[in-house]
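For reference, the structure discussed in these notes is given below.
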Amino acid sequence: MTGSYGADETSVELATGLREFFNEHCGLDRVRAAWSDGSLDLALWGEVAALGFTGALASEEVGGLGVQPEDLVLAIEEIGYSGASLPLVDTAAVVVPIIERYGSAEQRASFLPGLISGERIAASTVMFGGDRAMFAAEADVLLLERDDCLHLLDRRQFSTVEVHSPDPASRLARVSVESSVLSDATRLAAGATDDARGRAVWAASALLNGVSRRMLEMTVDHAKTREQFGRAIGSFQAVKHLIADAWVAMESSRPCAWYAAHACSQGLADAAAAASVAKASASDAARVVGDSALQVHGGIGFTWEHPLHFWMKRGKLLEHAYGSRGFHLRSLGAAMRDDQQGSDAVFPGL
Amino acid sequence: MSALTETTLDVATWRDEVRGWLKAHLPADLTEPGALTGPEALHRRRAWERELYDGGYAAIHWPKEYGGRGMGAAHRMIFQEEYERIGAPPRLNIQGLMLVGPTLMEHGTDAQRQRWLDAILRCEQVWCQGFSEPDAGSDLASLRTAARIEGDRYIINGQKIWTSGATYADWMFALVRTNPEAPKHRGISAVLIDMRTPGISVRPIRQINGRGTFSEVFFDNVEVPVANTIGAVDDGWNVAMGALLLERGIGRRSYVKYVPLLRTLSSLTTSTGAGRDGAALEELGTHVMQVSKYRHHVGRTLAESSNGAFGPEASLNKLFWSEMEAALYESGMKLLNDLSALSDDSAVLDGYGRWEAEYWHARATRIFAGSNQIQKNIIAERVLGLPKEKR
């Protein structure tokens, strides 16, 4: 048996803390506000940053919490579940640990403190697709992937143009960088790119699984209370099976992200494959759960008034970002094709 | 954290021990593909079960007092992974070890345990399960095989169907109707029946894959001691429900079983010239994802269940692997057809025939042990709390 699969103490503690925080500070009204204002809720950001979440993976020497990826993965699910529109996941799971591991002394000193305290906001193009990043316009720091290298830029070194996204509250933008800006001084050390890609992928998977979990919960509640033909619609097998399929897709996807975080933190031979499994299955689950959710909600789910669409649209954005289902499945297919017995890249230890 | 590290070490040591023992003891001829149910093969498989018993590996999950090793779910899964990794044959007495034994421990009398448990452990008695009937499939509680009490004996008349291993089993764990007047769930008893009792006849069913692994079993005035009832007379439904949960539960198959199938699909993909084709790689990758999901689902379930008892979440397990397995074999059928168009190599054609038989068997898995539609009802009602349908 490898991996704690989310069941150990630190992981549950972090997730519970964050869930309680969001229950208290980010109810439906605040979720809704982010969608109607179209701007980042800096007050909420400040409150979350005060919890130390963005520095969770940073070592205690630099002011972080010093926890491991597998301790953080359940908490990331809670962010997806909460519906909060905040630049938390890439910052905590990718940008901060990558700077600490691959940044020069100067980069670490100038970027880490502000990111860990939450005074500065980060965005990352790693694995998102194109030169796009969520919250790039709001960001003070950009982690940019270019020609298989990673560069760390401050606000004066990049510009942004808002681009269309199914989820406007995640503030998607395309970034532009003058090529003269990129230099040895902005580049992170070798190895950063693969490491960051893996992290971005498992973290996005956990986030997406949290989105699916919320949609499914709403759907189950609706099926229990909505009545037609004189009884709750959840008593009909046709409805039950839609929901059961969605539950299976989601519950079989969640531990894949947990394992991928563990494989990343332990540097296991199957870490890249595990990340691909996590994202392909999270994308699958989000689609199955989203489709079932809208179908079971019927007309009410099709209104702006009902909150389901906030999670559906976030799910749709994340489903195709950070490598689509097809992208990751082709990677897994190629890894299996090239797998030699005992290579450990796909199924280690056999 | 130190407790976690200790467990991890212990687990690694156990894996090494099992791997080493299996390598040293498993006869090579038992890993070859071929019929597993001919008289000769059965003889070898009984001998193998006896070897497992002598090594202390027959039923590691049974409590020590009954001859097991009292191991929990995590250790059991490691044993299963290693057992599948080396390609050992399916456990011959799976019903005895997984269903009858644990049920006797929970509901049996001391005398019953003494009479049967040790014989199961030594594989001196191979067991089959007599639940389904022609008119009691998904609606198992409507079963009609009648057991009329006369003195200290039942007189049993009726029919069971889809019984695996009935042609060679020594005993059957059966559900029979002991009270036709009671509501249907209340008039059923769990009875252990010696398959050599006069009046029992077994007829293998010729299946769509040409095999006869499932049988019909007919009972014509079969006399069985009432003392062979597990639990109270008419309380068999409760006894059986625990047993069904065991049947669907974790621990009977690991993801490792599917890795050789993935390797076969991978080499077929390459042999048919599709190794660089995006759609073919995506299909192969889908199966890699599914097998990985099964692996992590099982890992998660074990991590969350410290005592090895599983709830209705076990329904996910059977639903998931049966759908995964059917899809895997489906892809292989297409690839083997393509390959047989390119090749007249007899090895290719032999492989196609074996794959096809397994392909059809994989379709059965979506139906047996509670059809997948029933599993979805269980998930919806018992896991998610949706209201029961009026029936």
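The combined condition, being touching a residue at least 24 places away in the same chain (Cβ under 8 Å), surrounded by fewer than 24 Cβ atoms within 10 Å (Cβ to Cβ) and under 21 Å from A:Ala244 (Cα atoms), is not fulfilled by A:Arg325. In the set B:Ala41, B:Ala35, only one residue is modelled with pLDDT under 95 and within 20 Å of B:Trp127 (Cβ to Cβ); that residue is B:Ala41. Scanning the stretch A:50-73 for residues that are surrounded by fewer than 23 Cβ atoms within 10 Å (Cβ to Cβ) and within 25 Å of A:Leu188 (Cα to Cα) returns A:Gly52, A:Ser59, A:Glu60, A:Glu61, A:Val62, A:Gly63, A:Gly64, A:Leu65, A:Gly66, A:Val67, A:Gln68.
Apart from one condition, A:Phe310 fits all of (1) open to solvent by 10 Å² or more (accessible area, probe 1.4 Å); (2) touching a residue at least 40 places away in the same chain (Cβ under 8 Å); (3) of a type in the set (Phe, Trp, Tyr); the exception is (1).
Scanning the stretch A:22-38 for residues that are free of Cβ contacts under 8 Å to residues at least 60 places away in the same chain and open to solvent by 20 Å² or more (accessible area, probe 1.4 Å) returns A:Asn23, A:Glu24, A:His25, A:Gly27, A:Asp29, A:Arg30, A:Ala33, A:Ser36, A:Asp37. Among residues of the stretch B:87-114 being closer than 14 Å to B:Leu36 by Cα and not aliphatic (A, V, I, L, M), the one that is surrounded by the fewest Cβ atoms within 10 Å (Cβ to Cβ) is B:Pro90. Criterion applied to B:Arg50, B:Arg76, B:Arg69, B:Arg44 was being under 30 Å from B:His297 (Cβ atoms), open to solvent by 40 Å² or more (accessible area, probe 1.4 Å) and in a helix (DSSP H, G or I), and the one residue passing it is B:Arg76. One residue stands out among those in the stretch A:293-307 that are among the aliphatic types (A, V, I, L, M) and either open to solvent by less than 40 Å² (accessible area, probe 1.4 Å) or within 14 Å of chain B (Cβ to nearest Cβ) (or both): the one that is nearest to A:Ala274 (Cα to Cα), which is A:Ala293.
Please tell me if A:Arg287 is of a type in the set (D, E, K, R), touching a residue at least 60 places away in the same chain (Cβ under 8 Å), surrounded by fewer than 24 Cβ atoms within 10 Å (Cβ to Cβ) and in contact with a helix residue (DSSP H, G or I) (Cβ under 8 Å, 6 or more places away or on another chain). Here the answer is no, as A:Arg287 does not meet what is asked.
Between B:Ala190, B:Ala182, the distinction of being touching a strand residue (DSSP E or B) at 6+ places or on another chain (Cβ under 9 Å) and not in a strand (DSSP E or B) belongs to B:Ala182 only.
Residue count for the stretch A:230-244 under the criterion of being more than 7 Å from every other protein chain (Cβ to nearest Cβ) and in a helix (DSSP H, G or I): the result is 4.
The values are calculated or read from the model by the stated rules, or taken from the named source; none is laboratory data. All values derive from a computational prediction rather than experimental measurement. Neighbour counts are summed over all protein chains in view; Cβ atoms, including those assigned to glycine, are modelled from backbone coordinates with ideal geometry. For accessibility, only protein heavy atoms count, side chains too; no ligands or nucleic acids. Shrake-Rupley method; radii C 1.70, N 1.55, O 1.52, S 1.80 Å.
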